[in-house]
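Right, one structure below, let's go through it.
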Amino acid sequence: MLCSSFQANANLNDCQWLSSNQLSSPFELQLTDDVEQIPSGLINEKTTVNQVNINRYNVFNDQDPDEQNWLFSMLNALHIVTKEQVIADNILFKSGQAYTPAIAQESERLLRGRKYIYDARVRPLSLCNNQVDVEVTTRDLWSLTPSFSVSRTGGESKSKIALSDSNFLGSGKRITFARSDADERTEYLLSYKDPNIMGTRRQTSLEFSENSDGYRHFASFELPFYSLASTYSYGAEYNNEKRIDSIYHNTDISSEFEHKIQQTSLFFGHSRGYQNNKSVRWRYGLTIEEDNFSTKALHNPLDIQPRDRKVVYPWVSIESLEDKFIKLQNYRSIKRTEDINLGRYYTAQLGYSDESLSQEPSQILVKAQLKNAFKFDQQLIDLTASFDGKWQVSGFESDQQLLNLKGDYYNFHSQDWVFFTSVNINSTDKLHRDTQLFLGGDTGLRGYPLRFIEAKHSVVLSVEERFYSDLYLYQLIRVGAAVYFDLGKVWQSELQAQQTQGSSSLLLSNVGVGLRLTPTRADANHIIHLDMAFPLNNNKTIDSMQLIVRVKQSF
């Protein structure tokens with residue numbers, strides 16, 4: 001463990017409050033222990049931070065008998081622990097600044113959100129003369145990860161070879177070199193991300209990829225609303241891309257089009273900061289989007305080539321975020337501290353594209369998202385809704401609309417067992433031809449091939465019993481399991497039904513069983529899924545079992 005120099009409040013007789021475990025060393029406390037808070041009546045607007053003690057754990061704990069071996073010791077020696085200044089740049093307080101429990105708790109969440117930090121804890125040690133001594137403790141993840149992965153979903157295989165460092169030389173900067181093979185393209189990728197440019201809150205991201213069907217060049221620079229108390233934000237983004245887009249019917253490619261994309265966006269935002277346990281933010285921006293298509297050799301004359309599009313539109317958006325965060329385990333990961341917000345979150349964006357600046361008729365563009373979660377004893381309900389739509393001003397005719405409604409239900413009926421149910425609804429209208437909605441192995445129906453059937457509307461119901469075991473393989477991998485049932489229904493337009501030679505309304509289902517493996521010492525939030533799924537419908541065109549191997553961000 002590496003510690004910063006620290007001088008606690010000297011005269012304890014002047015202290016209004018002392019932590020009951022103030023003298024305990026960080027190794028004697030677990031990161032999952034509850035943080036003892038200062039009684040709210042002792043904190044006022046003049047309460048400030050005195051000293052900040054930063055403790056940085058290496059990847060493995062050499063004082064834990066289960067982790068005392070030559071391999072872990074060697075890996076610790078090779079790993080460069082996150083620099084103290086990097087941790088200081090991520091928290092929201094410094095010596096001499098105002099202290100509130102909300103700032104400390106948000107700092108803890110920000111640290112836990114970094115891909116190179118496994119867990120974090122921010123706790124007050126003492127309150128003396130209206131000054132607070134604060135301890136910040138973090139546990140590193142192994143950030144340099146050469147990797148080779150093979151995944152198979154819905155009958156299609158993907159592979160990836162990569163060398164990535166999410167904490168280059170302990171600096172918090174991410175560098176990635178990767179080669180990936182998927183059913184649509186082979187990609188060679190170089191990317192760089194700096195979340196704290198020169199110790200500031202500004203961040204940048206660069207990405208360059210050369211693909212078998214084109215390229216992608218992406219760059220962004222942004223000062224985000226990095227905390228609930230942030231009062232302004234600005235940024236710019238540029239994307240230049242060429243790729244082959246495919247139109248699918250019955251899992252097969254029907255037509256291919258070359259698609260060139262150019263996107264540029266600028267914005268500025270402001271907020272009154274953290275008021276009444278929430279933050280409301282306004283953004284004003286300008287976006288330019290251009291899409292150009294050309295026909296490739298493989299082309300079905302029944303498929304209409306997507307039209308070239310260019311829109312230039314100023315926009316305004318509002319975002320509201322309530323601060324009702326809690327900590328959970330066995331939610332999306334296995335035996336790991338996770339943050340979930342029980343407060344309401346919503347964002348809405350309104351734009352206008354005039355035909356004098358665009359290649360499209362004058363349009364109104366709307367984007368919106370709403371999230372809310374509710375917890376009742378051992379039960380949790382997580383709701384999400386999103387909408388993306390365009391209307392032509394003349395006649396208010398719809399151009400493209402996509403609506404998604406999703407609800408997740410968790411019943412934590414024992415320490416290691418969770419009953420989970422999810423409903424995912426998608427509805428579309430007048431989609432651009434290069435955009436398709438599918439039901440299949442990649443959209444929740446795990447017993448069926450990718451892009452099994454095209455739909456105008458779809459509903460997927462998933463019911464699972466999840467097991468989060470205490471099995472900890474070699475102190476490296478947490479193990480879980482699940483049994484599940486998926487039920488999906490699609491509604492097709494008349495044209496889609498003709499092209500897929502099916503009825504306009506179809507009901508599909510499958511059952512399955514799978515293992516869940518999460519590495520605890522490498523990049524966070526990766527869950528390896530190993531599944532066997534069995535379709536229940538009598539369909540001779542698909543396999544009787546789908547073997548699925550893939551990496552996801554949640555259980």
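Here are a few things to note about the model shown:
- Shape index of the stretch 219-355: Rg/Rh, with Rg the Cα radius of gyration and Rh the Kirkwood radius from the inverse mean 1/r over Cα pairs, equals 1.13.
- Our helix-only sum for the chain, with -39,500 (n - 2.57) per DSSP H run of n ≥ 4 divided by its residues, gives a mean residue ellipticity at 222 nm of -2000 deg cm²/dmol.
- Note on SER205 and GLN262: the model spin-label points, each 7 Å out from Cα along the C-beta direction, lie 2.3 nm apart.
- Stretching the chain fully between GLN415 and TYR188 yields a gain of 77.4 nm (0.36 nm per residue, less the alpha carbon separation).
- Rounded to whole Å, the principal axis extents of the Cα atoms in the stretch 224-552 read 62, 59, 34, largest first.
- Taking a Cβ cut-off of under 13 Å around GLY269, the surrounding Lys, Arg, Asp and Glu residues balance to a net charge of +1, with basic ones at +1 and acidic ones at -1.
- Across the options SER362, PRO301, THR82, the greatest Cα extent toward the positive end of the charge dipole of the chain (unit charges at beta carbon of Lys, Arg, Asp, Glu) belongs to THR82.
- Cα gyration tensor, the stretch 361-457 - rounded (a/c under 1.5), prolate or oblate: oblate
- With a cut-off of 14 Å between beta carbons, the residues surrounding GLU67 carry a summed charge of -2, where Lys and Arg count +1 and Asp and Glu -1.
- Neighbour counts of C-beta atoms inside 10 Å place TYR352, TYR474 in the sequence TYR474, TYR352, starting with the fewest.
- Placing unit charges on the Cβ atoms of the charged side chains and taking the dipole of the chain about its Cα centre, the candidate lying farthest along the positive direction among ALA533, LEU547, TRP17 is TRP17.
- Relative contact order, percent, the chain [alpha-carbon distance under 8 Å, six or more residues apart]: 9 percent
- Residues with amide H under 5 Å from that of LEU342, placed H, sequence gap 5 or more: LYS324, PHE325, ILE326
- Beyond 39 Å, the tail of the calculated P(r) for the chain holds 34 percent of the Cα pairs.
- A Förster radius of 60 Å combined with the Cβ-Cβ distance from PHE221 to SER544 puts the calculated FRET efficiency at roughly 0.70.
- Size of electric dipole in the chain: Cβ of Lys, Arg +1 and of Asp, Glu -1, about Cα centre, debye, nearest 20: 320 debye
- Residue-wise HN-Hα coupling along the stretch 94-109, computed from phi with Karplus coefficients 6.51, -1.76, 1.60 (Hz; x: Gly, Pro): 9, 4, x, 8, 5, 10, 9, x, 4, 5, 5, 5, 5, 4, 4, 5
- Couplings 3J(HN,Hα) of the stretch 457-473, computed from phi: 9, 8, 9, 10, 10, 10, 10, 9, 10, 10, 10, 9, 7, 8, 5, 10, 5 Hz, in residue order, whole Hz [Karplus 6.51 cos²θ - 1.76 cosθ + 1.60, θ = phi - 60°; x for Gly and Pro].
- Residues LEU141, LEU450 arranged by fewest to most Cβ contacts within 10 Å: LEU450, LEU141
- Within a straight-line Cα-Cα reach of under 20 Å, LYS406 can be paired with the following lysines, leaving aside sequence neighbours fewer than 8 residues apart in one chain: LYS367, LYS371, LYS375, LYS456, LYS489, LYS552.
- Pairs spanning more than 23 Å between alpha-carbon atoms, out of LYS173/LYS327; LYS260/LYS310; LYS260/LYS296; LYS173/LYS260: LYS173/LYS327; LYS173/LYS260.
- Taking 7 Å steps out from each Cα toward its Cβ at VAL463 and ALA481 produces label points 2.0 nm apart.
- Proportion of all alpha-carbon pairs of the stretch 396-532 beyond 25 Å (%): 40 percent
- Using a Förster distance of 25 Å, the FRET efficiency for ASN69-LEU144 (Cβ separation, nearest 0.05): 0.80
- Counting every other Cβ atom within 10 Å of each residue's Cβ, VAL134, VAL549 order from fewest to most as VAL549, VAL134.
- Listed residue (SER422, SER458, ALA348) projecting farthest to the positive dipole end of the stretch 224-552, Cβ model: SER422
Computed from the coordinates by the stated procedures, all read-outs in this text should not be read as laboratory data. Please read all numbers here as calculations on a predicted model, not as lab measurements. So basically every Cβ, Gly included, is an ideal-geometry build from the backbone, and we count neighbours across all protein chains shown.
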